[in-house]
Amino acid sequence: NGEFSALVIRCGAVTYKVHRIVLCCQIDFFQKACGGPFKVSMIDLSHDDSYAVGAMIRYAYGGQYGPAENPDPDEQALHHVHVYAIASKYNIPGLQAMAKDCLKTLADAHWDKDWFADIIRSVYETTISTDRGLRDVVLHVFMDHDMALAEEGTESPAQKVFYEIRQFARDCFNKMSEDKKAANDEFKIFRENTIQCICGYKGLKNGENGSVYCGDCRSKWYLK
Amino acid sequence: MIAGRGRSKIRPPRRGIHGGEEIDFEQTWRVIASAFNEIHTKNASKLSYEELYRHAYRIVLKKKGEDLYKRVRDFEHDWLTTQVRLRIQDLLSPNLLMSSQAIGGTTANERRFAGEKFMKGLKEAYMDHHVCMGMLADVLMYMDRVYCQDTHRLSIYNSAMILFRDDILHAFSQDGDSVSVLDLLNRVILEQIRMERDGDVIDKHMIKDCVYMLEGLYEGQTDTAESRLYVASFEGSFLETSRGFYRAESELLLRESDAGAYCRHTRRRIVEEQDRCRSTLAESTTPKIEKVVEDELIKNRIQELIEMESGVRFMIDNDRMEELSLIYELNARVDPKKTELMRAMQKRVVEMGTEVNNAAIAASQAPPPSEGTDKGKGPALEKSLNQQTVAAIKWVEDVLQLKDKFDLIWKNAFSSDNALQTALTRSFADFINASSFPRSSEYISLFIDENMKKGIKGKTENEIDMVLEKAIVLLRYVQDKDLFERYYKKHLCRRLLMNKSISNDVEKQMISRMKIELGNNFTMKLEAMFKDMTISEELTSGYKGHVAQLGDADPKRIELAINVLTSMTWPLESMGGSGDEEGKTLKCIFPPAIDRIKRGFEKYYGEKHSGRQLTWLAAMGSADVRAVFPKVPGKDGMLKERRHELNVSTYGMVILLLFNEIPADVSLTFEEIQAQTNIPASDLVRNLQSLAVAPKTRILVKEPMSKDVKPTDRFSFNASFNGKFHRIKVGVVSNGNKVESDRERKETEKKNDDSRSFCVEAAIVRIMKQRKELSHQQLVAETLNQLAPQFKPEVTMIKKRVESLIEREYLERIENAKVDSYRYLA
């Protein structure tokens, strides 16, 4: 009883018996649910993904959460998306960050799989547009390989996502224009600060490492 | 290119988590709204927190946050305006709504109950709202965190607090009335505080709860400390009402009670207000209300308070330490410099000091009191001088007593305040150096003189220390240290030459104390006097040894004890009495026996110190003369020769020795005596008075017998002289240290001014030598500064000295200078 008493969390067919104090201290939601004037016989989280609930409880106890039962990478990736969603719902920033890192590793390795499109779909369904965490992860992986993905036909799973999730298409467009602008700026800075020696060597205006000599022919900088 | 692509397997249908299906907003809201209803009616225990949280989460996730937020606000607005406002309006009884001036038929008590009921209802409504909104905010946590933050909205809790403010507190208490619930609440609280100030007991807790509400709500949209409703709406009128209350109270109190009671009351009020802020209002108000009380009860009244009949003057006069310390404490609250108290205290010090001064002047000028005649001897002049000495000593004691009094007040009542000590010192210096009272230097020196001669007899070392300390304490106040030096030298001179000091050690202690207090320069000459005395002792014994070597002891030989005084060190002019001028030009003719000794010593001294000239001061010193009077029948009828040892002044000895040369029945006239001795007339008169007029020492007979000595009087040896003691001291009038007569004082001051002129000139030259060129103003300032430890010269004196230095071409004026300036001419 009291703070140390067991708390029963049901999630569909699964029932977790946990220490009330552990959950209440780590996660505000449980604190409010148990400490307030509301009904508290047991907490029913059947509406959440049961693996994600398990991950959340493990995280509350040990600061870590394990992989999904199914070892397939697509199942693993989806698991991380669900963990991220539950962490966002119940405001557990540490868990959120952990899930994001895990998903990024998987996405980098498996961007070329068909199920990557499903992951993008899940991410856009389970997060709100102002939460850039997972959305940026999948977006950046996608854009890093835009050339390869563009060579696929319009019916490929990856390109199909554009039709289905307008928000994703828009994010890609924004990212492209941002990248382009950044590249332009970089080039402009390079051009403005570069000089060329008569030997053909190009270097930064202020001399390389502060020297007044050409980095190649060792003569004084002679401008072409 | 890209190998291994393609669907590796068929995906299972997604589990039914958050995302997938769309939600029905209206239906979900209905669930939430009915739950809120339960919360407001205190039935939350039926509700599942998880369910409500999930609903709110999903609405926001599906981008319906805006709608949810608006619905919640509308719900609360509705609740407050329909349910809560009615309950509050039920509490407004007519006699509560009446303005306080209009209380007529209703008793104050009824009004008070109505007020308490109103506060209680309002407080409960607020607490309910606060609790419910806390629960709503818990349910809507995701909305607050995601929607409100992203769109920069107020959190739902704050937003609902604003609703409470607008829908309940700012609502008018009655339709068509311009008094809002908040105004009414302020009024009720102020009335309750007023009751408490008048001595009633009120429910502090209830008011504190209402204040808690006002502190939890803000005016406007921002929640800064200044915009708390407590500050924005209540505090100002609280301070204003309090100001009015205390202003009236201070007026009444000043009229009806004495200053001590006023102080006590004021302190109690301040403590009360501090307590009230702690227990009833808010701590943040403490400094503000303190200031109001301080302004009204102290700052605006301190002058009146201090000047009341029972004010500071009364307290000082009656040593009301507790009240004085209260005044100090109160004054310090409003003025770190304590200006008013300081002024009153200084005024009183100067007043009391002036009284002491005036008493001394009156005592010294009054005709000799009748009880003085019982001593029955000595001329009236001496009486009056004695009386002045007594006045001087009384003055010193009185000033010290005054100082003790104020020191005690300063220590016990004024917390040993530094600024007040400085002020005290200044005030003491003011009356001690007052131009209407020029005698302080002389009086202090006389006080020391008196103690050195008589006062310290039989006292312990500690007591002597205290006496010396007293003198030093007073000396610190004296501005014209040079004048004091002059008197001290004069008095010391007499003590030393006439062996009047009880203890040489104590004299030296005094000197070393003065050295610490006034510096080396000041005591150098005094120390030189002691040195002369030591050397003289050596000379005397040396000469004695020298004479003994010359031959067999001669029973008739006259013994010589001599003091050789360095002429610049000793204030000899003050020793010679009134006959200075003649004394200097005429040399006393010594009888041959004495003259022999004189020449003998001159020779002895000449051998030791060649080139020094000795001047004999016959006006000083004394002689022991063994006199043999003719036989007269004793008690047993036997004829007995009577021998007396007479201690007479040097002049007295010279006169008496004249009668050795002539038969006992021959007389000499005054003029004959004067011609044979060359003694200045005034000295001769005084010496003859002691020898022939004073009843106990009538060794000569004067013809005719009268008090005055006239040039034609004749004197002869009094063979029938009858003395009671073997050893008889023949005193000469005006031989002690007494207060100067006015004429003497003028002389002393003149001499002092002369020597000041030299000091001023020396200072000017020193300064100009260093600076080369200087403006007049700067020169005056620096001169004053340099001379400050010694005395404060008049500026006109400095001007005169500058003129004189220019005349003598030490300085020149700089031509065409913007301001008057001088140049030093090397």
- Query: For segment B:397-407, in order, what is each residue's ³J(HN,Hα) by Karplus, 6.51 cos²θ - 1.76 cosθ + 1.60 with θ = phi - 60°, in whole Hz (x at glycine and Pro)?
  - Reply: 4, 5, 4, 5, 5, 4, 5, 4, 4, 6, 4
- Against the globular-protein guess of 2.2 N^0.38 Å, express the Cα radius of gyration of segment B:745-824 as a ratio, rounded to two decimals. 1.10
- Message: Could you tell me the extents of segment A:1-47's C-alpha atoms along the three principal axes, largest first, rounded to whole Å?
- Response: 26, 18, 18
- Sequence of A:Glu192, B:Glu747, A:Glu186, B:Glu782 from largest to smallest accessible area, 1.4 Å probe: A:Glu186, A:Glu192, B:Glu747, B:Glu782
- Query: Using a Förster distance of 35 Å, how high is the FRET efficiency between B:Asp820 and B:Thr339, based on the Cβ-Cβ distance and rounded to 0.05?
  - Reply: 0.40
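Please sort B:245-257, A:23-35 by packing, taking for each peptide the average over its residues of neighbouring beta carbons within 10 angstrom, highest first. Don't skip to the end; give the middle numbers.
Numbers: B:245-257: 15.5, A:23-35: 19.1.
Result, highest mean first: A:23-35, B:245-257.
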- Among DSSP beta bridges lying fully in segment B:619-729, give the percent that are antiparallel, nearest 5. 85
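Return the FRET efficiency for the residue pair A:Ser41, B:Arg30: r is the Cβ-Cβ distance, R0 is 30 Å, and the value is rounded to the nearest 0.05. Walk me through the intermediate numbers first.
Details: r = 25 Å, r/R0 = 0.82.
The computed FRET efficiency comes out at 0.75.
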- Which value in deg cm²/dmol, rounded to the nearest 500, describes the helix-derived mean residue ellipticity at 222 nm for chain B, given -39,500 (n - 2.57) per DSSP H run of n ≥ 4 and division by the residue count? -19000 deg cm²/dmol
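With a 1.4 Å probe and all protein chains left in place, how much accessible area per residue does segment B:682-826 have, in Å²?
Numbers: 8700 Å² over 145 residues.
Spelled out: the 1.4 Å probe surface of segment B:682-826, per residue, equals 60 Å².
For segment B:430-481, give the magnitude of the charge dipole about the Cα centre (Cβ charges: +1 Lys/Arg, -1 Asp/Glu; no others), in debye to the nearest 20. Don't skip to the end; give the middle numbers.
Numbers: 8 positive and 9 negative charges, 28 e Å.
My answer is approximately 140 debye.
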- Task: Treating only the Cβ atoms of Lys and Arg (+1) and Asp and Glu (-1) as charged, compute the dipole magnitude of chain A about its Cα centre; round to the nearest 20 debye.
- Result: 980
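List the accessible area buried at the contact between B and A, summed over both sides and calculated with a 1.4 Å probe, in Å² to the nearest 100. Each step should come with its number before you reach the end.
Details: alone 45100 and 13690 Å², together 55010 Å².
Looking at B and A, the buried total is near 3800 Å².
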- What percent of all Cα-Cα pairs in segment B:21-179 falls in each 5 Å bin, counting up from 0? 1, 8, 16, 18, 16, 11, 9, 7, 6, 4, 3, 1, 0, 0
- Message: Before I look further, what does segment A:64-192 give for accessible area per residue, probe 1.4 Å, in whole square angstrom?
- Response: 49
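Using heavy-atom solvent-accessible surface (probe 1.4 Å) with all chains present, what is the largest-first order of A:Trp111, B:Trp616? Can you show the working numbers first?
Values: A:Trp111 45, B:Trp616 75 Å².
Listed by decreasing accessible area, they come as B:Trp616, A:Trp111.
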- Give me the number: length gained by fully extending A:Asp185 to A:Met143, i.e. 0.36 nm times residue separation minus the C-alpha to C-alpha distance, one decimal in nm. 13.2 nm
- Can you send over the carbon and sulfur percentage of the accessible area for chain A, probe radius 1.4 Å, protein chains only? 53
- Note on the structure: Given backbone amide H placed at 1.01 Å from N, residues whose amide H is under 5 Å from that of B:Val625, ignoring those fewer than 5 places away on the same chain, are B:Leu646, B:Asn647, B:Val648
- Item | Packing-based ranking, highest mean first, of A:119-125, B:157-163 given that Cβ atoms within 10 Å are counted | A:119-125, B:157-163
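Could you provide, to the nearest whole Å², the per residue accessible area of segment B:21-179 with probe 1.4 Å? Spell out each step's value before the answer.
On the way: 7420 Å² over 159 residues.
Per-residue value: 47 Å².
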- Message: Are there any residues in segment B:136-169 with a reduction of at least 30 Å² in accessible surface when going from the isolated chain to the assembly of protein chains? Probe 1.4 Å, please list them by number.
- Response: B:Asp138, B:Met141, B:Tyr142, B:Arg145, B:Asp150
- Message: In whole percent, and with a 1.4 Å probe on the protein chains, what portion of the accessible area of segment B:305-526 is carbon and sulfur?
- Response: 51
- Work out from phi, with θ = phi - 60° and the Karplus expression 6.51 cos²θ - 1.76 cosθ + 1.60, the ³J(HN,Hα) of each residue of segment B:724-731, listed in order in whole Hz, and give x for Gly and Pro. 7, 10, 5, 9, 10, 9, 9, x
- Query: What lysines could a cross-link reach from B:Lys117, if we take a straight Cα to Cα line under 20 Å and drop same-chain neighbours fewer than 8 places away?
  - Reply: B:Lys204, B:Lys208
- Item | Charge-dipole axis of chain B as Lys and Arg at +1 and Asp and Glu at -1 on Cβ define it, positive-most pick from B:Leu656, B:Leu560, B:Val181 | B:Leu560
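If you put +1 on each Lys and Arg Cβ and -1 on each Asp and Glu Cβ, how big is the dipole of the protein assembly as shown around its Cα centre, in Debye rounded to 20?
For the protein assembly as shown, the charge dipole is close to 4180 debye.
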- Message: I'd like the Kirkwood hydrodynamic radius of chain A, using the inverse of the mean 1/r over distinct C-alpha pairs, in Å.
- Response: 21.3
- Other-chain or far-sequence residues with amide H under 5 Å of A:Leu7's (modelled H): A:Val18, A:His19, A:Arg20
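Kirkwood hydrodynamic radius, computed over distinct alpha-carbon pairs, for segment B:305-526: how many Å, to one decimal? Please report the intermediate quantities before stating the final value.
On the way: mean 1/r = 0.0522 Å⁻¹.
Taking the inverse mean of 1/r over all distinct Cα pairs, segment B:305-526 comes out at 19.2 Å.
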- Query: Computed FRET efficiency, Cβ-Cβ of B:Ser257 and B:Gln786, R0 45 Å: what is it to the nearest 0.05?
  - Reply: 0.25
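With all protein chains present, how much of the accessible area of segment B:21-179 (probe radius 1.4 Å) comes from carbon and sulfur, to the nearest whole percent? Intermediate results must be reported in sequence, preceding the final value.
Values: 3690 of 7420 Å².
The computed percentage sits at 50.
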- Please average, across the residues of B:720-727, the number of beta carbons from any other chain that are within 10 Å of each residue's own beta carbon, and give a whole number. 0
- Query: Counting pairs of Cα atoms in segment B:107-226, how many percent are more than 24 Å apart?
  - Reply: 37
- Query: How long are the three semi-axes of the equivalent ellipsoid of segment B:619-729, in whole Å, if each is the root of 5 times an eigenvalue of the C-alpha gyration tensor, listed from largest down?
  - Reply: 24, 15, 12
- Item | ³J(HN,Hα), Karplus 6.51/-1.76/1.60, whole Hz, each residue of segment B:108-114, x for Gly, Pro | 4, 5, 4, 5, 5, 5, 4
- Scaled radius of gyration (Cα, divided by 2.2 N^0.38 Å) that segment A:16-120 gives: 1.16
- For the charge dipole of the protein assembly as shown, defined by +1 on Lys and Arg C-beta atoms and -1 on Asp and Glu C-beta atoms about the Cα centroid, which residue among B:Gln674, B:Gln509, B:Phe530 has the Cα displaced farthest towards the positive pole? B:Gln674
- Size of the protein assembly as shown along its principal axes in angstrom, Cα-based, largest extent first? 169, 109, 65
- Of the listed pairs A:Lys181/B:Lys63; B:Lys481/B:Lys508; A:Lys32/B:Lys46, those with alpha carbons more than 22 Å apart are A:Lys181/B:Lys63
- Note on the structure: Rounded to whole angstroms and listed largest first, the alpha-carbon spread of chain B along its three principal axes comes to 163, 93, 59
- Message: Given a 1.4 Å probe, show me the residues in segment B:20-57 buried by at least 10 Å² of accessible surface when comparing the whole protein assembly to the chain alone.
- Response: B:Gly20, B:Ala44, B:Ser45, B:Lys46, B:Leu47, B:Ser48, B:Tyr49, B:Glu50, B:Tyr53, B:Arg54, B:Tyr57
- Listed by chain and number, the residues whose amide H is under 5 Å from that of B:Ser821, excluding neighbours fewer than 5 places away on the same chain and using placed H, are B:His776, B:Ile814
- Task: Report which residues of segment A:27-55 become buried by 50 Å² or more of accessible surface when going from the isolated chain to the complete set of protein chains (1.4 Å probe; DNA, RNA and ligands ignored).
- Result: A:Phe29, A:Lys32, A:Pro37, A:Phe38, A:Lys39, A:His47
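The values are calculated or read from the model by the stated rules, or taken from the named source; none is laboratory data. Keep in mind that this is a model prediction, so the values were computed, not measured. Here the Cβ is made from the backbone with ideal geometry for all residues, glycine too, and neighbour counts use every protein chain on show. The area values use the complete protein model at the heavy-atom level, side chains included, leaving out ligands, DNA and RNA. Shrake-Rupley method; radii C 1.70, N 1.55, O 1.52, S 1.80 Å.
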